[in-house]
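Chemist: Here you go, one structure.
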Amino acid sequence: MWILGLISTIALVWALAYWGAGTGVWIAALAGGLVLFTFGSDATWYVATPVWLLSIAFVLLFGVPRIRQRYITAPLFRQFRKVMPPMSQTEQEALEAGSVWWDAELFTGKPDWHRLLHLPKPHLSREEQAFIDEETEALCHLLDDWRITHEDQDLSPEAWQFIKEKGFFGLIIPEQYGGKGFSALAHSEVVMKLASRSITAAVTVMVPNSLGPGKLLLHYGTNEQKSHYLPRLARGEELPCFALTGPDAGSDAGAIPDRGDVCYGDWRGERVLGVRLNWEKRYITLGPICTLLGLAFKLYDPDHLLGAEQELGVTLALIPRDTPGVSIGERHVPLDIPFQNGPNEGHDVFVPVTQLVGGLEFVGQGWRMLVECLAEGRGISLPALSVGAGKTASRFTGAYAAIRQQFGMPIGRFEGIEEPLARIAALTYQMDAARTLTLGALDIGEKPSVISAIVKYHLTEKYRRCINDAMDIQGGSGICLGPSNLIGRAYQAIPIAITVEGANILTRSMIVFGQGAVRCHPWVLKEFQAAQNPDPRRGLAEFDHAIFGHVGFVLGNVARSLFLGVTRGRLSSAPVDGPTRRYFQQLQWMSAAFALSADVAMMTLGGSLKRKERLSARLGDVLSELYLTSAVLKRFEDQGRPESDLPLVRWACENSLYHMQESLRLLFRNLPFRPLAWLLRLVVFPTGSPYTETRDRIDRDAAGILLRPGAARDRLTHGIFSPQDPEVRQGEIEAAFLQAAHVEPIERTLRDARRAGLLRSKDYATRIEEALNGGIISSEDAAALEEMVALRRKVISVDSFAQYGKQYALRTQRTRKPAIYAVGKE
């Protein structure tokens, strides 16, 4: 009987924890249990009385706020304040910047999937779609990437003029100031299309629309600053850059040594209050050609002209290039991707306080301003560039694998090639899903700083993997640069994307979970804020609410993790039925496991978790994969569950689940308190590790999408530069790809006939003639095969050059149209 009672008690406690029962429910359950224990068992009075007294004491101690705060919370509060990790001003501002969104749901351990699926799907307006179809397409035709990168080391004058006249520098600037006023989605689509044609052009367009004077003025500029500068930026009359990074302040941008001192000085013939600046910056995109330089520096007020404070903090200013003391350096050469980039300096440069971004109101708030703008820009530009590269590899390397033959069959049909092809296709699907989901958040007003860090890091890393795989597949045609090579410059640009807007090593090891743990956790930030409250009584009450809410949160995730681990998520609810139901259930399990593991790591390591960067990185990896997989499932639903996309969905989900599992296992293996790590491992994976790398059959199905024409391939690669003109390299590959699909059954007939001994010729051209003469194929079939031979020869050919001194002349292997194309309608 007592065993049944014990089991019932454990089941009740587990159920209350699983569903997150409140204090009143716990007390009612305890009272009911005591009544059953007293009157439903043979317990004597001298056993029951102490149990009742202990229970009453427990309820008074934990259930009465005043008693709980005095005897339990107050000691914990004092200890928490002692061990709370120190937080720099830079960290504080970074935490306060931006907003939390779906990342906070993933931190709860029980995300609301209906909320995700009901989010509106982002869409382009008629004007935005027209701009992409006409102006952006025309610009792509105008660009000759080989000439840009190898000969001129710059965009052509015609391209620069077109970019300015057609408003590419004013995509984000509202129409009232002469800009386009485009959505984040439209901005991303423009950059993605350009990136599929020329990385140099994409970077040139994306930087003024990302972190720079335009973005900062939109959010923080005074009315006078907006009215003066935004129309000029939109028209391309001003070319902006933003100078943040310097020799002594890279990833640690808060350590900016550049200085500005408040003083009086002369400005255009008048003596005014202003700032005298000295700085040294490098790696500044558009810096060599800018006319308006945005600058981050630390502002000081030694003569107290603005107030009592002397150190005012990071501040931002707008510096016209022709201001005395400004020195623009020569160009950097970022891996032969020749977008304009270089150093600049300032020596005793004086500007009035009206040149401070936002005026005196935003003095000292520069770091928060930068982080908030970065939370938007980092979620748009580099993800768009990365997806553009992935789609290019998917469409054209996939086509190459279907066209190129070895051992009498397309190389894409070899299992060794299927594996990287599947990776390219599925990672591109996942990247585009994450890009679109993030843009949807931005377009409804969110500024998700943690999510923008996730997509910046993971999409650029997946870009690296896709292009590396494409290089492996294409072999010699990938490594020989020239006008025919569509992936060579994308390969060279990989380290640039990895490095800028927050180096990836830093982003993974310090930012994703470092910020996410505090910003997205339902209780941690409240505990920090309570500990920093200058009012001790109010701080204690806030901490009491937060700490016991946190305890209930942990107990709930222990119960959820164990139950979902035992059942492997099978009994949890899912928002949909059908082929993706199990993935929603498994994500529910991984979300609970992540939330519990994050709490255990924070509770056992405290402030030292900041220094355990590899542990923090693994937790960040789990959070990231949860987000990426959520994006995949939402994309599948938003697009109407196309069955032909299922191989990509399955590959992406199973790959992410495997990486979540492995990240958690490495976390458990490296937690310093071994007994707790072992117990955590038992709670999260009570039945062992269920996930493996993707199965060969899934690889084959995913790779097949790239090897044949179809709606799935077109959906996957939608939005890149893909002209149908066979005299343009992209169109040439596409024509050969379609012809390869057409002749595939004819070539199969030839192979079968040869195996049957009906054809003896070893030479392919002779074999076609023999098959025609033998009645095995028709004359139309023979003509199609001969056309395929010619097209295949063009596609597999590579560029070669004759060297004359320091000049290289292209020895073309086929006739091409001129590099400069008509730009369409004016």
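Chemist: Which value, in debye to the nearest 20, gives the size of the charge dipole of the range 280-382 about its Cα centre, when Lys and Arg are +1 and Asp and Glu are -1 at the Cβ? It would help to have the intermediate numbers written out before the result.
Modeler: Numbers: 7 positive and 13 negative charges, 75 e Å.
Using only the charged Cβ atoms, the result is roughly 360 debye.
Chemist: Enumerate the amide H contacts of GLY313 below 5 Å, restricted to partners 5 or more residues apart or on another chain; note that Pro and chain-start residues carry no placed amide H.
Modeler: The answer is LEU299.
Chemist: With a probe of 1.4 Å, find how much accessible area the range 220-312 has per residue, and write the answer as a whole number in Å². If you can, show how the numbers build up before the last one.
Modeler: Working: 4270 Å² over 93 residues.
That works out to 46 Å² per residue.
Chemist: Give me the aspartates and glutamates in straight-line cross-link reach of LYS526: C-alpha distance below 14 Å, same-chain residues under 8 apart excluded.
Modeler: GLU96, GLU542, ASP544
Chemist: Determine the per residue accessible area of the range 122-162 with all protein chains present and a 1.4 angstrom probe, expressed in square angstrom. Provide the component values of the computation, followed by the final result.
Modeler: Values: 1930 Å² over 41 residues.
So the range 122-162 comes to 47 Å² accessible per residue, rounded to a whole number.
Chemist: Another one. Count the DSSP beta bridges whose two residues both fall in the chain, then state the antiparallel fraction as a percent rounded to the nearest 5. Mind dumping the intermediate values first?
Modeler: Details: 39 of 47 bridges.
Antiparallel bridges make up about 85 percent of those DSSP assigns within the chain.
Chemist: For the range 155-206, just say rounded, prolate or oblate: build the C-alpha gyration tensor, square-root its eigenvalues into a ≥ b ≥ c, call rounded for a/c under 1.5, and beyond that prolate if a/b exceeds b/c, oblate if not. Before the final figure, lay out each step's value.
Modeler: Working: a/c = 3.09, a/b = 1.29, b/c = 2.39.
It comes out oblate by the Cα gyration axes.
Chemist: At what distance in nm do the modelled label points of ARG66 and SER608 sit from each other, each positioned 7 Å from its Cα along Cα→Cβ?
Modeler: It works out to 4.1 nm between the two label points.
Chemist: Compare the peptides 595-602, 524-531, 576-583 by average per-residue count of other Cβ atoms within 10 angstrom and give them in order, highest first. Numbers along the way, then the final one.
Modeler: Numbers: 595-602: 23.8, 524-531: 18.4, 576-583: 14.9.
The packing order, highest mean first, is 595-602, 524-531, 576-583.
Chemist: If you don't mind, there's one more thing I want to ask. Under a crude label model (7 Å from the Cα following the beta-carbon direction), how far is ALA308 from ASP152 in nanometres?
Modeler: Placing both labels 7 Å beyond Cα along the Cβ direction yields 5.9 nm.
Chemist: Rolling a 1.4 angstrom probe over the protein heavy atoms, how many square angstrom per residue are accessible across the range 569-697? Please list the in-between numbers first.
Modeler: Working: 5040 Å² over 129 residues.
Accessible surface, normalised per residue, equals 39 Å².
Chemist: Right, something else. Rank by packing, highest mean first: peptides 173-179, 127-133, 231-237, with packing defined as the count of other Cβ atoms within 10 Å averaged across residues.
Modeler: Values: 173-179: 17.6, 127-133: 15.9, 231-237: 19.3.
Result, highest mean first: 231-237, 173-179, 127-133.
Chemist: With a 1.4 Å probe and all protein chains left in place, how much of the accessible area of the range 440-479 comes from carbon and sulfur atoms, in whole percent? Write down the numbers at each step before the final one.
Modeler: Values: 480 of 1140 Å².
Answer for the range 440-479: carbon and sulfur cover 42 percent of the accessible area.
Chemist: Something else: Picking from VAL798, VAL64, LEU277, whose Cα lies most toward the positive end of the charge dipole for the chain (charges on Cβ: Lys, Arg +1; Asp, Glu -1)?
Modeler: Most positive-ward Cα: VAL64.
Chemist: If you take the beta carbon distance between LEU506 and ARG321 as r and set R0 to 41 Å, what does 1/(1 + (r/R0)^6) give as a FRET efficiency, to the nearest 0.05? Mind dumping the intermediate values first?
Modeler: On the way: r = 31 Å, r/R0 = 0.75.
Once the sixth-power term is evaluated, E becomes 0.85.
Chemist: Something else now. Just to confirm my numbers, what's the Cα centroid distance between the range 422-456 and the range 741-761 in Å?
Modeler: Between the Cα centre of the range 422-456 and that of the range 741-761, the gap is 46 Å.
Chemist: Let me ask another. Let me make sure I get this right: for the chain, a, b and c are the square roots of the gyration tensor eigenvalues over alpha carbons, sorted descending. Under 1.5 in a/c it's rounded, otherwise prolate if a/b > b/c, else oblate. Which is it? Numbers along the way, then the final one.
Modeler: On the way: a/c = 2.71, a/b = 1.24, b/c = 2.19.
Note, shape of the chain comes out oblate.
Chemist: In addition: Give the residue from VAL353, GLY390, LEU370 lying farthest towards the positive end of the charge dipole for the range 343-393; charges sit on Cβ (+1 for Lys and Arg, -1 for Asp and Glu) and the dipole is referred to the Cα centre.
Modeler: GLY390
Chemist: Which percent of the accessible area of the range 219-278 is formed by carbon and sulfur heavy atoms (probe 1.4 angstrom)? Could you put the intermediate results ahead of the total?
Modeler: Working: 1210 of 2870 Å².
Answer for the range 219-278 is 42 percent, counting heavy atoms of protein chains only.
Chemist: How large is ³J(HN,Hα) for each residue in the range 701-712, as worked out from phi by the Karplus curve 6.51 cos²θ - 1.76 cosθ + 1.60 (θ = phi - 60°), to whole Hz, x for Gly and Pro?
Modeler: 5, 5, 5, x, 4, 7, 9, 8, x, x, 5, 5
Chemist: Give the separation of the Cα centroids, the range 533-592 to the range 98-166, in Å.
Modeler: 35
Chemist: Could you size up the charge dipole of the range 485-538 around its Cα centre, putting +1 on the beta carbon of Lys and Arg and -1 on that of Asp and Glu, and report it in debye to the nearest 20?
Modeler: Values: 6 positive and 3 negative charges, 20 e Å.
With only Lys, Arg, Asp and Glu charged at Cβ, the dipole is about 100 debye.
Chemist: What lysines does LYS166 reach when the alpha-carbon gap must be under 17 Å and sequence neighbours fewer than 8 apart in one chain are set aside?
Modeler: LYS180, LYS193, LYS825
Chemist: On to the next question. Along the positive direction of the dipole of the chain (beta-carbon charges: Lys, Arg +1; Asp, Glu -1; about the Cα centre), which of HIS219, LEU171, LEU623 reaches farthest?
Modeler: Comparing the listed Cα positions along the dipole, LEU623 ranks first.
Chemist: State to the nearest 20 debye the size of the charge dipole of the chain about its Cα centre, where the only charges are +1 on K and R beta carbons and -1 on D and E beta carbons.
Modeler: On the way: 89 positive and 90 negative charges, 513 e Å.
Here the size comes out at about 2460 debye.
Chemist: With Kirkwood's inverse mean 1/r over C-alpha pairs for Rh, give me the Rg to Rh ratio of the range 143-230, two decimals please.
Modeler: In the range 143-230, Rg relative to Rh is 1.02.
Chemist: Compute the separation of the alpha-carbon centres of the range 698-737 and the range 378-400 and state it in Å as a whole number.
Modeler: Measuring centre to centre over Cα atoms gives 13 Å.
Chemist: Stretch SER761-THR567 to full length: gain in nm at 0.36 nm per residue minus the Cα-Cα span? Each step should come with its number before you reach the end.
Modeler: Details: separation 194, 0.36 × 194 = 69.84 nm, distance 6.09 nm.
63.8 nm is the gain from fully extending SER761 to THR567.
Chemist: Quick check on packing: order 663-673, 560-570 by the mean number of other C-beta atoms within 10 Å, highest mean leading. Could you put the intermediate results ahead of the total?
Modeler: Values: 663-673: 17.4, 560-570: 19.5.
In decreasing order of mean packing, 663-673, 560-570 become 560-570, 663-673.
The values are calculated or read from the model by the stated rules, or taken from the named source; none is laboratory data. None of these values were measured; they are calculated from a predicted model. For neighbour counting, all protein chains shown are included, and Cβ atoms are generated from backbone atoms with ideal geometry for every residue, glycine included. When the accessible area is computed, the model is the full protein with side chains, heavy atoms only, and any ligands, DNA or RNA have been set aside. Shrake-Rupley method; radii C 1.70, N 1.55, O 1.52, S 1.80 Å.
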